[in-house]
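Below: the structure, in structure tokens.
The values are calculated or read from the model by the stated rules, or taken from the named source; none is laboratory data. The structure displayed is predicted, hence computed values, not measured ones. When we count neighbours, we look across all protein chains shown, and the Cβ atoms used for this are built from the backbone with ideal geometry, even at glycine. What goes into the accessible areas is simple: the full protein's heavy atoms, side chains included, and nothing from ligands, DNA or RNA. Shrake-Rupley method; radii C 1.70, N 1.55, O 1.52, S 1.80 Å.
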Amino acid sequence: MVLIPTVVVVGLVWLPAIATVVLSFFDWDGLSPFSEAAPVGGQFYDEAVNTYPAFWPAIQHNLIWLAVLFFVATPLGMFIAVLIDRESRGTKFYQSSFYLPVVLSMALVGFIWQLMFSRDQGFINAVTGWTIDWYGDSSYNLWAALIATTWRHTGYIMLLYLAGLKGVDPSLREAAKVDGAGERQTFFKVVFPVLAPINIIVLVVTVMESLRAFDLVWVINKGRNGLELISTEVTRNIVGEAQRIGFGSALATIMLVISSLFIAVYLRIVMKEET
């Protein structure tokens, strides 16, 4: 029972990750035998940071993506969870409605929001009379993509917080009420601290979502013209006619290191709480 999951994890996670790191130090075309690959040391990392024009815009866009998910989608999802947790009339309907976008793929979300953002047939331009190319204009397409991903991410955060709120001891709320605390004070001073494990999970999930954002922008314009992300640059350099396996692997390794930092922080907090 332990052997099979271990083989799957090693074969599908660890070996590809290690291979990516190794490939980032070699100039390999992906077709010839790997024994013919030329070692280049840290050349690709230096090129990515200093000369590759899309690297820093991609980093900036990923940070903006993280900020919007953390400061907009997360509070919105938490607010909706608090409202649904009251179990008022129709809460099941609203819970299902807000969670529905989560079960859709990001590619499908992009196509759905195309109905809103299309320059010629989109709902927004039809109502306002504008002629803005929301997906094509680099001044708007990042924010249009963020609206679409916020629509989906909010439902996921709502579900996480709703699960956490259901586990809060009702006696805590009753004690706060007896002490004269209002609903806002009860939530921020009593309930919210109890949700610390959920907050950590939400933080890690949000960081991971911002780093692995790919499907939506790839559907829109393949991550070009103002929608550059680290994931799209990795794909662009590894897949296609002008593939650069080593350079794309270097970008993927940078992405892996950034992700590992947040995962390490998460594991440290969780292990500290268990001890």
inquiry  = Starting from a Cα-only point model with no solvent, please compute log10 I(q)/I(0) by Debye for the range 167-211 at q = 0.20, 0.30, 0.33 1/Å.
reply    = -0.65, -0.99, -1.10
inquiry  = Show me the ranking of peptides 181-188, 19-26 by mean Cβ neighbours inside 10 Å, starting with the highest.
reply    = 19-26, 181-188
query = Charges only on Cβ, +1 for Lys and Arg, -1 for Asp and Glu: so what's the dipole of the range 1-134 about the Cα centre, in debye to the nearest 20?
reply = 800
query = What residue among L203, L12, L142 shows peak mean-square fluctuation when the chain is described by a Gaussian network model with Cα springs under 10 Å?
reply = L12
note = Measuring from its Cα centre, the chain shows a charge dipole (+1 at each Lys and Arg Cβ, -1 at each Asp and Glu Cβ) which, in debye to the nearest 20, is 860
query = What area, in nm² and to one decimal, does the C-alpha convex hull of the range 57-188 cast on average over all directions?
reply = 10.6
task = Whenever you get a sec, compute what percent of the accessible area on the chain sits on carbon and sulfur atoms (1.4 Å probe).
result = 67
request  = Mind telling me which of L104, L69, L251 comes out most flexible in a GNM of the chain, alpha-carbon contacts under 10 Å?
outcome  = L104
ask   = Is the chain best put as rounded, prolate or oblate by its Cα gyration tensor, with a ≥ b ≥ c the root eigenvalues, rounded for a/c under 1.5, and otherwise prolate when a/b is larger than b/c, oblate when not?
value = oblate
inquiry  = Could you sort the peptides 214-226, 55-67 by per-residue average Cβ neighbour count (10 Å cutoff), highest mean leading?
reply    = 214-226, 55-67
query = What accessible area per residue comes out for the range 162-275, rounded to a whole number of Å², with a 1.4 Å probe?
reply = 56
request  = Would you please give the FRET efficiency between A67 and S35, computed as 1/(1 + (r/R0)^6) with r the Cβ-Cβ distance and R0 = 45 Å, to the nearest 0.05?
outcome  = 0.50
remark   = Any residue on another chain or 5+ positions along whose placed amide H is under 5 Å from the amide H of F26 is listed here as V40
query = From a point 7 Å beyond the Cα of V13 in the direction of its Cβ, which residues of the range 246-271 have a backbone N at a distance under 14 Å?
reply = 260, 263-264, 267
Alpha-carbon centroids, the range 196-220 and the range 249-265: separation in whole Å = 14
remark   = Taking the chain and counting helices only, DSSP H stretches of n ≥ 4 at -39,500 (n - 2.57) each over all residues, the nearest-500 ellipticity at 222 nm comes to -20000 deg cm²/dmol
task = Grab the chain and count how many Lys pairs have their alpha-carbon atoms under 20 Å apart, sequence gap of 8 or more, or different chains.
result = 4
